[in-house]
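Q: Once you've had a glance at the structure underneath, I'll fire off some questions.
The values are calculated or read from the model by the stated rules, or taken from the named source; none is laboratory data. Every value quoted in this text rests on a predicted model; they were computed, and no experiment measured them. FYI the Cβ positions are ideal-geometry reconstructions off the backbone, even for glycines, and counts take in every protein chain you see. Areas reflect the complete protein model, heavy atoms only, side chains present, ligands, DNA and RNA absent. Shrake-Rupley method; radii C 1.70, N 1.55, O 1.52, S 1.80 Å.
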Amino acid sequence: MTTNTMTHKGYIARIEFDDSDGIFVGRILGTRDIISFHADTVAKLRKEMKAAVDDYLAYCQERGIAPDKPASGQLMLRVPSEVHAAANIAAQAAGKSLNQWATEVLKQATHL
C-alpha cells in the first residue's frame, strides 16, 4: 500500500490504496472519533473526504458537542534534562529561540 495525505478545513487524512479492492481509503487523523471514507478515483475521494468532514462537523453541531479540532499549535513535551540542554544549545548556536528551532526541526521531521 502507498500512503499519502489530503486536507480539508484543517483536518488531515491518511490515504492508502487498497490494491485488492481497487479503492482508495482515507481516515482522518488526530481525532478521537473514527472518520473514514473511500472511493475508486482520486477525484471522488476528494469529494468523499469533504463530505466526511462536513458530516462530522454537522453531526457535532446538531448534538451540541465540540468537534475534535486539528492541533492547536501548542505542544508540551517532557524530555530528559540533557536533551533539553542540548536543544537549548543548538537553538542558541543557530541564533534562534528554542521554540523557533524546535518548530524547524519538527517541520523537517514531518516533511512539511
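Q: When V105 is evaluated against the numbered criteria (1) among the aliphatic types (A, V, I, L, M); (2) open to solvent by 80 Å² or more (accessible area, probe 1.4 Å); (3) within 30 Å of I35 (Cβ to Cβ), which criterion, by number, is the only one it fails?
A: Of (1) among the aliphatic types (A, V, I, L, M); (2) open to solvent by 80 Å² or more (accessible area, probe 1.4 Å); (3) within 30 Å of I35 (Cβ to Cβ), only one is false for V105: (2).
Q: Is there any pair with a first residue in the stretch 83-112 that is of a type in the set (S, T, N, Q) and a second that is modelled with pLDDT of 90 or more and open to solvent by less than 80 Å² (accessible area, probe 1.4 Å) whose Cβ atoms are under 6 Å apart and which are 6 or more apart or on different chains, and what are they?
A: Every condition considered, the pairs that remain are N88/L98.
Q: Still on this structure, please answer the following. Could you tell me whether the stretch 65-83 includes any residue that is of a type in the set (K, R), within 22 Å of N4 (Cα to Cα), at pLDDT 90 or above and under 22 Å from the mean Cα position of the chain (by Cα)? Working first, answer last.
A: Within the stretch 65-83, the first condition is being of a type in the set (K, R), and the residues that meet it are 69, 78.
So of that shortlist, the ones also within 22 Å of N4 (Cα to Cα) come out as 69.
Next cut, at pLDDT 90 or above only: none.
No; the residues of the stretch 65-83 include none that is of a type in the set (K, R), within 22 Å of N4 (Cα to Cα), at pLDDT 90 or above and under 22 Å from the mean Cα position of the chain (by Cα).
Q: Right, next: Can you name every one of the strands (runs of 3 or more DSSP E) wholly within the stretch 1-92 that holds 3 or more residues which are open to solvent by less than 70 Å² (accessible area, probe 1.4 Å)?
A: Ranges flagged: 11-18, 23-28.
Q: Could you tell me how many of the residues in the stretch 93-112 are part of a helix (DSSP H, G or I), within 22 Å of the chain's Cα centre (by Cα) and of a type outside the set (S, T, Y)?
A: The first filter runs over the stretch 93-112 and keeps only residues part of a helix (DSSP H, G or I), leaving 93, 98-109.
With the extra rule that they be within 22 Å of the chain's Cα centre (by Cα), the set shrinks to 99-109.
Next, from what is left, pick out any that are of a type outside the set (S, T, Y): 99-102, 104-109.
Qualifying residue count, the stretch 93-112: 10.
Q: List the pairs whose first member sits in the stretch 55-81 and is of a type in the set (G, A, S), whose second member is surrounded by 10 or more Cβ atoms within 10 Å (Cβ to Cβ), and whose Cβ atoms are under 7 Å apart, counting only residues at least 6 apart or on separate chains?
A: Qualifying pairs under 7 Å: A66/C60; A71/G30.
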